[in-house]
1. Can you sort B:Ser403, B:Ser385 by solvent-accessible area, 1.4 Å probe, largest first?
2. With a/c under 1.5 counting as rounded, go ahead and sort segment B:12-71 into rounded, prolate or oblate using the C-alpha gyration tensor (a ≥ b ≥ c being the square roots of the eigenvalues; past the cut-off, prolate if a/b is larger than b/c, else oblate).
3. So for chain A, averaging the separation of alpha carbon pairs under 8 Å that are six or more residues apart and normalising by length, what relative contact order in percent results?
4. Taking every DSSP beta bridge that has both residues in the protein assembly as shown, what percent is antiparallel when rounded to the nearest 5?
5. What whole number of Å gives the distance from the Cα centroid of segment B:297-313 to the Cα centroid of segment B:86-152?
6. At 1.4 Å probe size, put A:Lys72, A:Lys7 in order of accessible surface, largest to smallest.
7. Taking each residue of B:398-407 in turn, how many C-beta atoms of other protein chains fall within 10 Å of its C-beta, and what is the average?
8. Roughly how many nanometres apart are two label points built 7 Å out from the Cα toward the Cβ at B:Thr353 and B:His107?
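The values are calculated or read from the model by the stated rules, or taken from the named source; none is laboratory data. From a predicted model like this one, the values you see are computed outputs, not experimental measurements. Don't worry about glycine lacking a Cβ; one is built from the backbone with ideal geometry, like all the others, and counts go over all protein chains shown. Heads up: the accessible areas ignore ligands, DNA and RNA and are worked out on the full protein's heavy atoms, side chains in. Shrake-Rupley method; radii C 1.70, N 1.55, O 1.52, S 1.80 Å.
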Amino acid sequence: MTPAQKKALKALAKSRTPAELRGLFALIRKESDTSLLKALKDAPKPKAAAGDPLVKEITKTLAPILAPAAEKADLLVEHMGSLHKNVPAFEPKGIADAVKKLRARFKDSEIRAAAASLIAKLKKDFSTRETVS
Amino acid sequence: MTTATYLAFEQADEAAAREIANALDRRGISARLAGADARRADVPGALAQAVSEARAFVALLSPAAAQSDWVRREFMLALNNGRAIVPVLTADIPADSWMNLAIDREHFVDMRGGPTPSALNAVIGSIEAAASKGRVIAMLNIKGGVGKTVLAANLFAAAHLADSRSIAFIDLDPQHNLTQYFLPPAERNRVRSENMTIYSVLAPRGPASIDRSAFAGIAAPLNRSKGKNKARFELIAGDERLFEYTLDSRSERDKIEAFARFQALITMLRSRVDAVVIDANPCATFLTRLAISAADHIVAPVRPEKYSLTGLNMLEHVVAEIRGRPIRPEEFSVVLNGVNDRVGSRTGEDADTLTRQEIMLAPFFGGALLNEAVPYSAALKATPSDKYAVNPINVTAMMRVASRQVKTQLVGAAASILRRAEK
């Protein structure tokens with residue numbers, strides 16, 4: 001056995017008990033090279049969980065606001081307060097957080113409508129469009 | 001703390017002046033009494049030099065002082081050199097005196113009962129408060145289009161966001177581009193219709209005029225973040241009616257009163273922010289005079305082209321003319337706007353390097369050139385028109401531009417300017 005081979009073997013044995021190693025050697029003797037190499041390949045990453053469609057939709061609706069996500073979410077919560085009674089006061093960390101907490105009190109359709117009306121309001125109050133008299 | 005103070009008085013008030021000087025001396029504040037060494041008709045600029053060297057200016061107001069040409073000249077020099085003015089009333093002054101127009105009567109120290117300990121303490125308190133107040137920085141170049149407005153907004157937004165510096169902007173340009181930069185049209189209309197612009201501060205009378213007691217409430221907040229940063233970031237908006245002061249359609253009396261009202265605004269802002277940043281109009285008008293008179297420090301942006309440099313040279317003459325004395329390079333920061341921006345340079349040479357070398361070799365402005373590079377203002381200006389900035393600070397590059405280099409440059413340059421201004 002060459003020094004390089006010994007080094008590779010030691011790396012394999014690292015932090016394994018003799019019993020575990022015996023089991024591993026037996027496995028290597030039993031399986032083919034192809035199946036061993038296939039098993040060493042990384043398992044494919046699970047696909048990212050599909051996001052909440054309402055969060056995606058609200059994010060897209062609020063895109064014209066020039067602000068970090070937390071500020072946009074705060075505006076949405078504040079706007080909900082102007083439209084409905086008994087909106088819980090909280091400072092959301094982001095749009096997902098705002099949607100999650102607003103859902104406890106409102107339907108998806110109400111949150112969707114609030115986001116749209118917020119943009120309509122901002123368009124009226126904060127449009128940067130200059131006019132010439 | 002040692003604060004040099006200039007005491008302007010007439011002979012009738014000499015005893016009170018000496019009492020004030022002694023009280024200041026006991027407090028460790030050096031005082032210079034007006035006298036023959038400064039009041040020299042044969043040495044032009046000697047009086048201006050003496051007044052401008054002091055951090056604070058104490059004027060003893062009495063009928064004799066109201067008649068004195070020297071006190072009047074000293075007072076105007078203190079105004080034109082941006083000195084903190086502490087008026088001390090030693091006797092009732094005539095109703096028709098210039099002092100009534102030029103002095104904020106609500107804030108004088110009453111010494112009509114003599115230099116009592118409480119009156120002396122009030123003088124000392126006013127001087128110490130003046131010494132610890134925020135600095136006034138004017139963005140100026142006689143040439144337009146050099147990036148004054150955009151750099152003012154972005155440099156001091158960087159100082160606010162990165163270093164929590166409290167900033168108040170004053171838009172003193174009739175074009176009011178700084179106001180347009182931060183506020184959308186509807187908000188601009190609102191502040192204008194509610195008499196919350198600098199025009200209402202300057203107007204001494206008429207429907208748009210506001211009382212001095214309302215000055216503290218006219219600033220539009222530019223940072224509406226909840227609980228993230230307590231430091232102020234605010235704007236005294238401008239509007240197009242400021243043209244009245246550039247077209248000379250206002251009377252001299254109106255201008256004198258506007259001058260005093262502007263000083264009162266500056267005094268109020270200095271007490272609550274680290275820096276008052278005045279975005280002045282190009283050219284040399286009454287408004288430019290207001291900005292230069294109030295400024296502790298002048299920031300002059302320069303583009304790498306010859307007209308911009310000519311504007312810088314003119315600025316030196318304008319400032320010297322207003323201040324009535326030779327000016328010093330450390331009173332300025334020259335900011336080369338567009339370093340490493342080679343667009344438009346068709347000579348094959350690096351226009352920026354050439355401009356930098358040219359300024360560095362200049363006898364006066366060589367010592368004023370800022371070493372720190374700033375991002376090119378045209379790149380900072382590109383605010384998307386299809387966005388709504390509910391929180392005005394979000395239109396600045398510090399919030400909008402992702403580039404770390406841009407942010408680092410802005411923070412570094414702003415810190416350097418504030419260091420120079422606070423010296």
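1. From most exposed to least exposed: B:Ser385, B:Ser403.
2. Verdict is oblate for segment B:12-71.
3. 22 percent
4. In the protein assembly as shown, approximately 5 percent of DSSP beta bridges are antiparallel ones.
5. Going from one Cα centre to the other spans 31 Å.
6. The ordering from most to least exposed comes out as A:Lys7, A:Lys72.
7. 1
8. Computed distance between label sites B:Thr353 and B:His107 equals 4.9 nm.
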